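A short worksheet on the structure shown next.
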Amino acid sequence: MKNMKNRRYRFNRATGKIYQESYSSLIEIPDYLDAVILHATPPVYGQPFPNQPAQNWINLCFLDRELSWSFALLNSGQSEALRPFLNYKTQQKDLLNYLTRISLVPQRSRSGNHWYAYAFEALPLPDRVNPLEILHGHSGLPLIDPNISLDFPEPESDLQQLKTLNSPQVEVKFSDSRSNFLNWY
């Protein structure tokens, strides 16, 4: 694989927009983001951005539709916004075997408040995508965004083992130390 680019994406749950960060601006992604999720941290409480209140965050490392090494954060907000991802992760078990479509769907409370919630859908991987081969070729890249200052736990997988893989049939599993979902305040 040629030079892999690092990318970052943002989910704006107030407006329902998904953005790819570029050097000088944000590029809007229409409707959804397709990703092969390589790693997801357990929820971690913190305030990585000064304009947002402290809340729980999950750091995703994934391959985007151009197979670039990518990062994004999912936030809990004042609701149980991380529940859809935790449920999805429980149902799908090994996310490396799926293309995950991430979208934002409108929500409305009884009092009239409006926001967007995460939605996740598992789709078959495209024929040209072999996540184990990509991981093997880029085992030195981080699974946690090094530019975010939260105390995310280290990934539990040993990426050094990927260097010794000679066959794409060898299955590499990333364990997930995430506890059961808790109601956050």
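The values are calculated or read from the model by the stated rules, or taken from the named source; none is laboratory data. Here the structure is a predicted model, which is why all the values come from computation and not from measurement. All Cβ positions, glycine included, derive from the backbone under ideal geometry; neighbour counts span all protein chains shown. The accessibility values were calculated without ligands, DNA or RNA, using every heavy atom of the protein model including side chains. Shrake-Rupley method; radii C 1.70, N 1.55, O 1.52, S 1.80 Å.
Here are the numbers for this structure:
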| read-out | value |
| --- | --- |
| Lone unmet requirement of (1) under 16 Å from the mean Cα position of the chain (by Cα); (2) modelled with pLDDT under 95; (3) open to solvent by less than 40 Å² (accessible area, probe 1.4 Å) for Asp34 | (2) |
| Given (1) farther than 24 Å from His136 by Cβ; (2) open to solvent by 50 Å² or more (accessible area, probe 1.4 Å); (3) not charged (D, E, K, R), index of the condition Ser79 fails | (2) |
| Contacts under 9 angstrom Cβ, first residue in the range 130-151 being over 16 Å from Arg7 (Cα atoms), partner open to solvent by 30 Å² or more (accessible area, probe 1.4 Å) and among the acidic types (Asp, Glu), 6 or more apart | Leu132/Glu171 |
| Within the range 117-155, tally of residues that are closer than 30 Å to Ala54 by Cβ, surrounded by 14 or more Cβ atoms within 10 Å (Cβ to Cβ) and modelled with pLDDT under 85 | 1 |
| Complete set of residues in the range 16-29 that are without any contact (Cβ under 8 Å) to a residue 60 or more places away in the chain, open to solvent by less than 90 Å² (accessible area, probe 1.4 Å) and not hydrophobic (A, V, I, L, M, F, W, C) | Tyr19, Gln20, Glu21, Ser22, Ser25 |
| Residue that is farthest from the chain's Cα centre (by Cα) [pool: residues in the range 60-76 that are of a type in the set (D, E, K, R) and open to solvent by 10 Å² or more (accessible area, probe 1.4 Å)] | Glu66 |
| Some residue of the range 43-50 being free of Cβ contacts under 8 Å to residues at least 60 places away in the same chain and either touching a helix residue (DSSP H, G or I) at 6+ places or on another chain (Cβ under 7 Å) or open to solvent by less than 60 Å² (accessible area, probe 1.4 Å) (or both) | no |
